[in-house]
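Just so it is clear, none of the values below were taken in a lab; they were calculated from the coordinates. Keep in mind that this is a model prediction, so the values were computed, not measured. Neighbour counts run over all protein chains shown; Cβ positions are idealised from the backbone, glycine included.
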Amino acid sequence: MLMKMNPLVSLLHLYDVVNTPGVTSDISHMDTGAVVRGFLGQQQLEDALIGMDLVIIPAGVPRKPGMTRDDLFNINAGIVKTLCEAIAKCCPKAIVNVISNPVNSTVPIAAEVFKRAGTYDPKRLLGVTMLDVVRANTFVAEVLGVDPRDVDVPVVGGHAGITILPLLSQIKPPCSFTPKEIEYLTGRIQNGGTEVVEAKAGAGSATLSMAYAAVKFADACLHALRGDAGIIECAYVASQVTELPFFASKVRLGRVGVEEILPLGPLNDYERESLEKAKKELAASIEKGISFIRK
Ligand code: LMR
């Protein structure tokens, strides 16, 4: 529905293994410019993808209380693999936004699938970490007593627990926190997804704030695709910012996807220590994704 409302979308294809006819009929009555078509079941997957410039992948199962994102690996890895094989065949030049968890592993899975198919372009594959930024802006604004729209918190690393690294020392506009506030904010941002999973008590994970964040990110990609300049967002991408092959940081988006990966900037001692811990977990998640395809 949010993509149907986006003025930059001319053609919207909806694909799922259930429910697409109903959802498509429903949102097709909205008087916005995008033409919408629905595709149901794997036999229609390729038709759904042909001609697409941007593919958003939110597919898969959500967490239940007590689960980590990595506990979803066994089911979601195969789903992402299947979708990416079809993308490689039907729209190899599309920008791909991966939301399906565990993002720290599903982006490396997508990369391996594209490499095998000979279509891999690291600039076009982006893991969506926008919800971490959205949460960070919200929680920081609450502590500061300001409007969240006036706050910009860079969040780097990955999209799970301690791999989510908010750089509170680099917030715009500049501000400072007590050590207690830093502990609180870092923990709350890292556990934002779990907070929603627990509140939903078995009925899934964040869908509404995730949709908001996903569309915010997709909108940035669409603006970049049409040639708008100066679009900078955090995303989990193939990167040389650290020794790891994938890492989330600020990136400049352009017509071809990721045009530039921005450096991490100066980190304080707390952030440097947290980065070391994050990298350990991230390395294992990346390796797990890669070996899922290579084995
Ligand atoms: C989130 O951050 O809310 C999503 O990744 C879903 C989840 O399982 O936490």
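Under a point-charge model restricted to the Cβ atoms of Lys and Arg (+1) and Asp and Glu (-1), what is the dipole moment magnitude of segment 2-128 relative to its Cα centre, in debye to the nearest 20? Intermediate results must be reported in sequence, preceding the final value.
Numbers: 12 positive and 11 negative charges, 63 e Å.
For segment 2-128, the charge dipole is close to 300 debye.
For the chain, pairs of C-alpha atoms spaced more than 32 angstrom apart make up 23 percent of the total. What does the charge dipole of the chain about its Cα centre add up to, to the nearest 20 debye, if the Cβ of each Lys and Arg holds +1 and the Cβ of each Asp and Glu holds -1? Roughly 640 debye, rounded to the nearest 20. Bridges between two residues of the chain, per DSSP, are antiparallel at a rate of about 60%. State whether segment 1-155 is rounded, prolate or oblate according to the following rule on the C-alpha gyration tensor (a ≥ b ≥ c being the square roots of its eigenvalues): a/c under 1.5 gives rounded; otherwise a/b larger than b/c gives prolate, and the remaining case gives oblate. Oblate, because a/c is 1.5 or more while a/b does not exceed b/c.
Taking the charge dipole of the chain about its Cα centre, with +1 at Lys and Arg Cβ atoms and -1 at Asp and Glu Cβ atoms, the residue from MET210, ASN6, PHE39 reaching farthest to the positive side is PHE39.
Going by the alpha-carbon gyration tensor, a ≥ b ≥ c the square roots of its eigenvalues, is segment 129-285 rounded (a/c under 1.5) or, if a/c is not under 1.5, prolate (a/b greater than b/c) versus oblate?
Rounded is the answer for segment 129-285, as its axis ratio a/c remains below 1.5.
Overall form of segment 13-91: oblate. Here a/c, set by the Cα gyration tensor axes a ≥ b ≥ c, is 1.5 or more, and a/b is not larger than b/c.
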